[in-house]
Amino acid sequence: MKKSKLYLVATPIGNLNEISKRALDVLNMVDVIACEDTRNTLKLLTHFDIHTKMISYHNFNEEIKTKEIIDLLKDDKNVALVSDAGYPLISDPGYELVNEVINEGFEITTISGPNAALNALVASGLDNKHFMFYGFLNSKPSQAKKELEALKDFPYTIIFYEAPHRINKTLNIVLEVLGDRRAVIARELTKIHEEFIRDNLSELIKLENLKGEIVLLIEGKKQTEEIDYDEVEKELKSLIDKGESIKEAVNKISIKYKANKNRLKDMIYDKH
């Protein structure tokens, strides 16, 4: 194996203190850092007083820069690849580079770090035994619908990334294609205003002016199960009799039995 390496370095998704000592050591040690956006990476490097040379590496120059990085490796230079946040290659450029590096016989090392999808998943409250990371849906609604049609019978939690200016449109498309399911919006992860919004899609579409990069998690398709609504109604009434609000009781029962919230609310209001 040739001695120079490509390091795939995960960078903070929000809080800069989440970067590891190993990542900092590597960014200091390598000869060149290939960045998705040199302006964003410069903020990180400046914060930690790192002065390693940077070159740009993004979707629009991937082919040219891949050749340049291979030449650096051939010249016994170590190179680190970083994205603006999280792991490179995860909804970010780098796939072409990694394959070319492998073909040329150079070693690749991954430097672990934060990942928005996993951060969101483990705190979502949705099933995390099995899941699918999908990334960004197509920006064209017609194509996004086709992608969702292919996913609608998938039985496990599905994780999407989305930009704040598109989230409302995406939520409406997801509701239209997948139907009303439990979902979670995780935004501003690891930052001061970190927020998890957990509800059914029919409620989440009412949200407005969401800011920050967003992870959207959707419950997988459930196997059809008969729900004993007589028992559900008794348990719902019991919670309310014990002092819980209708909203709190409905949320608990909806999660426990995977029952439709609107139907549960109707049970309560029909009795009053």
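Every read-out reported here was derived from the displayed coordinates using simple, explicitly stated rules and does not represent laboratory data. Computed from a predicted model, the values in this text were never measured in an experiment. Virtual Cβ from ideal backbone geometry, glycine too; neighbours counted across all protein chains shown.
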>> Taking the 0 to 90 degree range and rounding to the nearest ten, how far is the long axis of helix 167-178 tilted relative to the main principal axis of the chain, both from C-alpha atoms?
In response: 60
> Whose amide H sits under 5 Å from the amide H of ILE111, counting only residues 5 or more places off or on another chain, with H placed in the peptide plane?
Replying inline: LEU8, VAL9, ALA10
>> Going by amide H atoms built from the backbone, whose H comes under 5 Å of the H on GLY94, apart from near neighbours?
In response: none
>> Please list, by residue number, every one of the chymotrypsin sites (Phe, Trp or Tyr not before Pro) in the stretch 26-113 that is coil in DSSP and has at most 14 other beta-carbon atoms within 10 Å.
In response: PHE48, PHE60
> How long are the semi-axes of the ellipsoid equivalent to the stretch 64-209, from square roots of 5 times the Cα gyration tensor eigenvalues, in whole Å, largest first?
Replying inline: 35, 17, 14
> Cα centroids of the stretch 144-206 and the stretch 73-104: how far apart, whole angstrom?
Replying inline: 30
>> For the chain, set up a GNM with springs between Cα atoms under 10 Å and report which of ILE111, ILE214, ILE167 has the largest fluctuation.
In response: ILE111
>> Using a Gaussian network model on the chain with a 10 Å cutoff between Cα atoms, which of VAL30, VAL98, VAL232 fluctuates the most?
In response: VAL232
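In percent, what relative contact order does the stretch 113-201 have, based on Cα pairs under 8 Å that are 6 or more apart in sequence?
It rounds to 29 percent for the stretch 113-201.
When a/c reaches 1.5 or more, the comparison of a/b and b/c decides; with that in mind, is the stretch 145-245 rounded, prolate or oblate per its Cα gyration tensor? List each step's numbers first, then the result.
Numbers: a/c = 2.45, a/b = 1.36, b/c = 1.81.
Verdict is oblate for the stretch 145-245.
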> Taking springs between alpha-carbon atoms closer than 10 angstrom, which of ASN17, ASN168, ASN251 fluctuates most in the Gaussian network model of the chain?
Replying inline: ASN17
> Hey, can you rank 134-146, 118-130, 75-87 by average C-beta count inside 10 Å, highest first?
Replying inline: 75-87, 118-130, 134-146
>> Ignoring everything except DSSP H segments at least 4 long, calculate the 222 nm mean residue ellipticity for the chain; use -39,500 (n - 2.57) per segment, divide by total residues, nearest 500.
In response: -12500 deg cm²/dmol
> Where does helix 246-257 land angle-wise versus the long Cα axis of the chain, in degrees 0 to 90, nearest 10?
Replying inline: 70
> Using alpha-carbon positions, what is the distance between the centroids of the stretch 13-65 and the stretch 237-252, in Å?
Replying inline: 50
>> Pairs of alpha-carbon atoms within less than 8 angstrom and 6+ residues apart define the contacts here; what relative contact order does the chain have, in percent?
In response: 17
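Would the chain count as rounded, prolate or oblate if I go by the C-alpha gyration tensor, calling it rounded below 1.5 in a/c and otherwise prolate when a/b exceeds b/c, oblate otherwise?
Prolate is the answer for the chain, as a/c is 1.5 or above and a/b outweighs b/c.
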> Cross-link list LYS191/LYS252; LYS53/LYS191; LYS21/LYS252; LYS74/LYS129; LYS53/LYS146; LYS43/LYS146: which exceed 32 angstrom alpha carbon to alpha carbon?
Replying inline: LYS21/LYS252; LYS74/LYS129; LYS53/LYS146; LYS43/LYS146
> Where a ≥ b ≥ c are the square roots of the eigenvalues of the C-alpha gyration tensor, would you call the stretch 5-114 rounded, which needs a/c under 1.5, or, failing that, prolate if a/b is larger than b/c, or oblate?
Replying inline: prolate
